Ligand SMILES: [Zn+2]
Ligand SMILES: [Zn+2]
């Protein structure tokens with residue numbers, strides 16, 4: 001399965017592929033699949049394997065690469081319109097959704113840093129990541145253990161916010177279920193993206209959903225009384241994850257991998273656009289872009305309007 005999956009996810013795996021989607025082979029449109037590390041030397045946002053590919057894709061790419069945002073003298077819209085921006089006494093910023101703090105905002109830390117501290121490859125550790133929404137610290141710490149580490153490292157992670165806790169469980173289940181080169185892009189997408197590529201959702205539904213279904217079937221006659229049910233997941237004899245959730249939590253965890261009833265792709269896109277591209281946010285967005293160097297602005301915009 002892993003090989004098949006890796007093939008489907010080629011666009012999301014390293015090395016980066018040529019961005020030319022206009023290549024024609026035998027009269028048919030066939031996006032270029034060559035890997036390359038040469039970025040467009042103007043915007044550095046995309047990469048092409050050759051001049052031919054860059055030229056072929058130019059009719060798409062020029063909208064970004066040659067767009068207004070890349071111009072040195074780009075000014076926010078409120079300047080052109082000669083009005084006071086919304087963030088200075090204008091209409092109040094419209095909040096969307098409920099306050100959630102799903103991401104950390106500082107660089108991740110290897111809290112052990114064994115090679116500079118204990119320097120003992122055999123010592124056992126018991127680490128508590130209380131209210132640990134930022135799973136990056138956990139992952140960096142585990143990955144930071146030396147290859148010849150022989151001790152036992154036990155980590156306890158919890159969070160009162162179910163969205164945070166369940167996402168952390170899913171991320172770790174992915175790390176346990178896939179080869180690293182497949183797990184890493186899925187984890188990054190799940191962490192940062194508002195849209196999950198279909199191939200990734202299918203991968204999760206194929207590898208993880210059946211396990212969660214089975215757990216839920218096992219709990220189907222249990223009462224919804226808040227009792228914690230413990231389940232253990234293993235990857236070889238090296239990694240073990242023990243998850244404590246109540247019945248409602250196990251149901252909700254399974255539901256995270258299923259498209260909500262009635263939610264079409266168009267509807268999801270329109271909800272997302274209504275939030276990310278809301279007109280009330282335009283001045284805040286322009287202000288953020290104004291502080292960026294020209295080449296960074298399209299990247300900032302794409303975060304709001306395209307990929308993420
Ligand atoms: Zn460019
Ligand atoms: Zn190419």
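The values are calculated or read from the model by the stated rules, or taken from the named source; none is laboratory data. It should be emphasised that the depicted structure is a prediction, and the values quoted were computed from it without experimental measurement. Counting neighbours? That spans all protein chains shown, and the Cβs are built from the backbone with ideal geometry, glycine included.
Worth a mention:
- Residue that is surrounded by the most Cβ atoms within 10 Å (Cβ to Cβ) [pool: residues in segment 187-204 that are touching a residue at least 60 places away in the same chain (Cβ under 8 Å) and in a helix (DSSP H, G or I)]: 203
- Among the criteria (1) within 26 Å of residue 99 (Cα to Cα); (2) over 14 Å from the mean Cα position of the chain (by Cα), the one residue 177 does not fulfil is (1).
- From the options 5, 92, 17, residue that is more than 30 Å from residue 290 (Cβ to Cβ), modelled with pLDDT under 90 and more than 16 Å from ligand 2 (Cβ to nearest atom): 5
- Residues that are free of Cβ contacts under 8 Å to residues at least 12 places away in the same chain and within 16 Å of residue 152 (Cα to Cα), drawn from segment 105-119: 118, 119
- Subset of segment 121-145 [more than 26 Å from residue 103 (Cα to Cα) and surrounded by fewer than 11 Cβ atoms within 10 Å (Cβ to Cβ)]: 122, 124
- Checking residue 153 against (1) in contact with a strand residue (DSSP E or B) (Cβ under 6 Å, 6 or more places away or on another chain); (2) under 21 Å from residue 246 (Cα atoms), the condition it does not meet: (2)
- Some residue of segment 56-72 being farther than 30 Å from residue 278 by Cβ, assigned to a loop (DSSP other than H, G, I, E, B) and in the same structural domain as residue 25 (by TED's automatic domain parsing): no
- The set of residues in segment 30-39 that are out of contact with any helix residue (DSSP H, G or I) (no Cβ under 6 Å at 6 or more places or on another chain) and within 16 Å of ligand 1 (Cβ to nearest atom) comprises 36, 37, 38, 39.
- A single entry from 237, 255, 283 fulfils the requirement of being modelled with pLDDT under 95 and farther than 30 Å from residue 84 by Cβ: 237.
- Qualifying positions in segment 130-145 - over 20 Å from residue 183 (Cα atoms) and modelled with pLDDT under 90: 131, 132
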